[in-house]
Amino acid sequence: MAPVCSVLGKTYGNECLLHKEACRKKHRIGVAHTGPCLVPKSKCTEEELGQFPYRLLDWFLLLSRMGESYTPAALPQTCLSHAQRTQLAKERFTLLDKNKDGKLSWRDLKKLYYKKMPLEHCATPFFLSCDRNKNKKVTVKEWTACLVDRSQSWFYHFMSMKMGSHQLCPTVKHELLHLF
């Protein structure tokens, strides 16, 4: 039997061993894929960590548009307002909050990290930084502040430093903003 990788990012010798541990711990452990878990080789740099919220919001925007019909005028994240980004972050929070207690546990976030973003080596440091009160739970307020504010802050800084402009969407007309 082949090794398998769990949604929690742990490699097991085979699927039976994964299920045996799940029974022992009395909770379900899903299989992410056959074969050993992929482990990023490098540490997350400060620059990568700063950019991570922007990449994550881009990923969430892509996920939110999956299944919709193609819209050539669909706005990129750079053109979304603060309110639209906040709404996107809240929608994803609701989907991740499986027990609907208004908090994301590290287990929820770890599943997201490995199952959805296996090679994203900045996910864990980012999620740890979102838990402001260090209670091992991330509230919707912590989540949106961490994700939306830091995403916009990084992008404004990037645009100012690299592109010589701090505008998020200088070429898109205001009329298109209602499309999101």
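Quote the accessible area belonging to residue 121 in square angstrom, nearest 10, computed with a 1.4 Å probe and with ligands, DNA and RNA left uncounted.
Number for this one is 40 Å².
Would you kindly state how much longer the chain becomes between residue 153 and residue 15 on full extension, computed as 0.36 nm times their sequence separation minus their alpha carbon distance, in nm to one decimal? Present the calculation step by step, with values, prior to reporting the outcome.
Details: separation 138, 0.36 × 138 = 49.68 nm, distance 4.33 nm.
Additional length available on full extension: 45.4 nm.
Please go through the residue pairs 98/136; 10/98; 100/136; 100/141; 98/134; 10/137 and name each one whose alpha carbons sit more than 19 Å apart in this structure. Mind showing how you got there, number by number?
On the way: 98/136 16 Å; 10/98 21 Å; 100/136 16 Å; 100/141 15 Å; 98/134 21 Å; 10/137 22 Å.
Violating the 19 Å limit, Cα to Cα: 10/98; 98/134; 10/137.
For the residue pair residue 2 and residue 145, what label-to-label distance in nm results when each label sits 7 Å from Cα along the Cα-to-beta-carbon direction?
Each label point lies 7 Å from its Cα, and together they span 4.5 nm.
To the nearest 10 square angstrom, how much accessible area does residue 140 have with a 1.4 angstrom probe?
Roll a 1.4 Å probe over it and residue 140 shows about 50 Å².
The values are calculated or read from the model by the stated rules, or taken from the named source; none is laboratory data. Computed from a prediction, not measured in an experiment: that's the story for all the values here. All Cβ positions, even for glycine, are placed from backbone atoms using ideal geometry, and neighbour counts span all protein chains on display. Just the protein is used for accessible areas: all its heavy atoms, side chains included, with ligands, DNA and RNA removed. Shrake-Rupley method; radii C 1.70, N 1.55, O 1.52, S 1.80 Å.
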